[in-house]
Structures are given as C-alpha cells and as structure tokens.
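Some notes on the structure that comes next.
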Amino acid sequence: MGKTVAFTSAALNYLPKVRKLCTSIKRFHPEFEVVLALADERHDAVDFSAEPIDRVVALGDLDIPDRRRWTYFHTIVELATAIKPYVLVEMLARDDVDRVLYFDPDMVLFSRLDDLLATLDASNVVLTPHLTVPETSLESVRDNEIAALKHGVYNLGFLGVRDEPEGRRFAQWWADRIYHFCVADIPGGLFTDQRWIDLAPAFFDGVGILKSPRFNVATWNLTQRRLAGDLDGGFTVDGEPLGFYHFTGFDSGAHRAMATKNAPGNAAVDALVDWYANEARFDADEPVAALPWAFGAYSDGTKIPLEHRRIYRARPDLQAAFPDPFDARPGGLKDWMTQQGPLEHAELAQKKTR
C-alpha cells in the first residue's frame, strides 16, 4: 500500500499552530508523510528542517494559471484555503500516495484515526459534518444549525480523499470551482471552499460521511457531544476516544466564549481549552509570527485594502490593464485605486473620506 499524506495550509505567521498540529500527527501516525501547503513565500528566517514537517509545497510550486493576478484576488485566509485543492491534486498524482488527508492548522489529534482510515478505504472521499445531531433549543438552532446553512454542511477543516478515479475527479472539480470562487461572501452563497462541498455527495460516488462524535469536535457541536476526561487520562467524546479537536477562532477569544456557552460547567472542555491556551501562550512572541505575509502589500510596502482585491477580482478590464497588480510603480494598479477608483467605486470614495 502507498503512503498516506496528511497536509495543512497556512502562511508563515501561522507556523506556531502548524507545529502543534503536525507534532500531534507525528505522535499518533508516525507513518504519515506530513506536508505544509505554504500560502506564502519561503523565508530565510524559517528553517523547515527543524519543524515536524516532511515537505513544504509553497504557492509558487503549484500549477495555478495566471498565479500572480489570482493571488491578488485573495485575502490571507482565502489564499490558504484556495490552494488546498491544488495540493490535493498534486498529492493524488504521485505514484507513491494512496490517501490524502487535510487538517486545518488549528486542529490537534488526540488519538489514532484507524477507524477513519478504514472508512476512507471503503470510500473515495470522506467528510465531517459540522453537526450530526439536531439541536434541541432555538438558541442552538440559531447558533449552530443556521450557521451550518450559511457556511456549509461539512466542515472543510478536515477532508480525506483516496487515490481512485472518483477521488481524483472530485479533487479536480473542487480545484476548478475554487479557482474562480474561493471568496468569503455569505450573502452571495459562498464561504471560501465549504459551500461547494455541499454538492459533493450529489456529484460523486463513494462519499463517506463521518458521523462519529470523536472527529472534528468543535464549539459548534459541543451542545450535542459530551466531552469528558483530562490530559493525563485522555479525553473521550460520548465514550469514544477524542480523535481530533478543532480550536477554531482561538486567538480572537471567540472559541473560549462559545465553548463556555455550549458546554457550560464541563471541566473537560475547560481543561482542553486551557491546555491549548497554555500551548499557545508564547506564539505571538515567536519571530516567525511577526513575518509579514508576502502578498499582503504592494511592492512599495503599502498594505492592500480588501476593497482593492474585491474590485480587481470583479473587473477583467483592470486585470488586463494591470497584469502585475502588486507593482506599485507610477501608473500601476495602486495609483488607479487611489486616483480613478474613488470616482468609479463608492466604497473607495467613502474609505478615502474617513
């Protein structure tokens, strides 16, 4: 049997979280090849050989058409999401790979995933729903079920694909859609990559839905999953060993707030959140966390506003006129956005007067 590749996707500043995830993968599945999809450029200050990572695939290594302009379209989160299917396609094309797993960088494994792998071996694609049990209160329906309707039925913090024709067909379809439509636009029916995957069970055969409560535990499903145990003895979910936990929204404080709301008085949840907080307490002090994103500014160092990215994405005429949107030399896109842009786009005019 060929290799199982486990990969995550992030920019350099997220490396402290990537390290926690990859260390946990190495602990429970040392047989996996661990890959970082880098939504950034490599930097001399980062020695990846010292990290629990076997291979780095940077944005510049990927076969993405018109990559320079395409990169400008995306925020840092959107770009880290948008490259996922391209890495998946590349991994599945390798002769030595049979399975590919994706994990968000703010996840941690807490036990082996042999049952998950068994499900994948009987499928072509495996997904984890945000929710597997209906909510019982209106407040939880609003917080969690309606949120799933907005953001997608399946949480793309995890995905598993097998090297089979249907798995490869799925990966290419996903890449084709994400190339054009990886944007956070909930009113427009999109939330980066997630909403597309709602269609996967209808479009592809052999899509396995992982309903075990031990996978992809997160604040949005703690209302219906009973986390118990502790760090010394291990954590369980509804009596099963905790597989992997998703610490989404941790830096903003939203994770702790929603964990407290959805699992009030649960000592195991408190212990798990406290553990991650302790693990992350020095993340902001690491030099790598302060490295600027390679695609966050124009060539003169001016930060690129979100409005500039959205306007450029929506206007093929600007894309044709400014093939390198990052170039800040006179007469470039930056000048157009500051001079002509406010005359054609009210959002730029309003921003200019603030």
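Residue-by-condition table, conditions (1) within 25 Å of the chain's Cα centre (by Cα); (2) at positive phi; (3) assigned by TED's automatic domain parsing to the domain that holds H29:
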{"position": "G249", "(1), (2), (3)": "yes, yes, yes"}
{"position": "L291", "(1), (2), (3)": "yes, no, no"}
{"position": "G301", "(1), (2), (3)": "no, yes, no"}
{"position": "R310", "(1), (2), (3)": "yes, no, no"}
{"position": "A320", "(1), (2), (3)": "no, no, no"}
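If we scan segment 147-156, do we find a residue that is out of contact with any strand residue (DSSP E or B) (no Cβ under 9 Å at 6 or more places or on another chain) and either modelled with pLDDT of 95 or more or in the same structural domain as F204 (by TED's automatic domain parsing) (or both)? Yes, the conditions are met somewhere in segment 147-156. For A148, the test of being small (G, A, S), farther than 17 Å from P85 by Cα, touching a residue at least 40 places away in the same chain (Cβ under 8 Å) and out of contact with any Cys (no Cβ under 6 Å at 6 or more places or on another chain) is passed.
Here's the yes/no breakdown for (1) exposed (fewer than 14 other Cβ atoms within 10 Å of the Cβ); (2) outside any strand (DSSP E or B); (3) in contact with a His (Cβ under 9 Å, 6 or more places away or on another chain):
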site	(1), (2), (3)
V161	no, no, no
E166	no, yes, no
F170	no, yes, no
W173	no, yes, no
D176	yes, yes, no
Y179	no, yes, no
P187	yes, yes, no
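Selection over segment 87-136 of residues that are part of a helix (DSSP H, G or I) and surrounded by 23 or more Cβ atoms within 10 Å (Cβ to Cβ) gives a count of 4. Residues of segment 277-326 that are modelled with pLDDT under 95, among the acidic types (D, E) and in a loop (DSSP other than H, G, I, E, B): E286 alone. Taken over segment 211-221, the criterion of being buried (at least 23 other Cβ atoms within 10 Å of the Cβ) and in a loop (DSSP other than H, G, I, E, B) is satisfied by R214, F215, N216, A218. Within segment 256-276, if we keep just the residues that are buried (at least 16 other Cβ atoms within 10 Å of the Cβ) and part of a loop (DSSP other than H, G, I, E, B), the residue that is farthest from the chain's Cα centre (by Cα) turns out to be N266.
Against the conditions (1) under 30 Å from M1 (Cβ atoms); (2) touching a residue at least 24 places away in the same chain (Cβ under 8 Å), A118 satisfies every one except (2). Among residues of segment 310-335 that are aliphatic (A, V, I, L, M), those with a Cβ under 6 angstrom from a residue that is assigned to a helix (DSSP H, G or I) and crowded, with 17+ Cβ neighbours inside 10 Å, sequence gap 6+ or separate chain, pair up as L318/Y312; A328/K334. Criterion applied to A280, A271, A254, A328 was being assigned by TED's automatic domain parsing to the domain that holds F73 and touching a Lys or Arg at 6+ places or on another chain (Cβ under 9 Å), and the one residue passing it is A280. Residues that are assigned to a strand (DSSP E or B), surrounded by fewer than 23 Cβ atoms within 10 Å (Cβ to Cβ) and either touching a helix residue (DSSP H, G or I) at 6+ places or on another chain (Cβ under 7 Å) or not hydroxyl-bearing (S, T, Y) (or both) do occur in segment 238-255, at least one of them.
Whether a residue is part of a strand (DSSP E or B) and of a type in the set (D, E, K, R) was assessed, and R42 does not pass this test.
The values are calculated or read from the model by the stated rules, or taken from the named source; none is laboratory data. The shown structure was predicted, so the numbers you read here are calculated from the model rather than taken from an experiment. Virtual Cβ from ideal backbone geometry, glycine too; neighbours counted across all protein chains shown.
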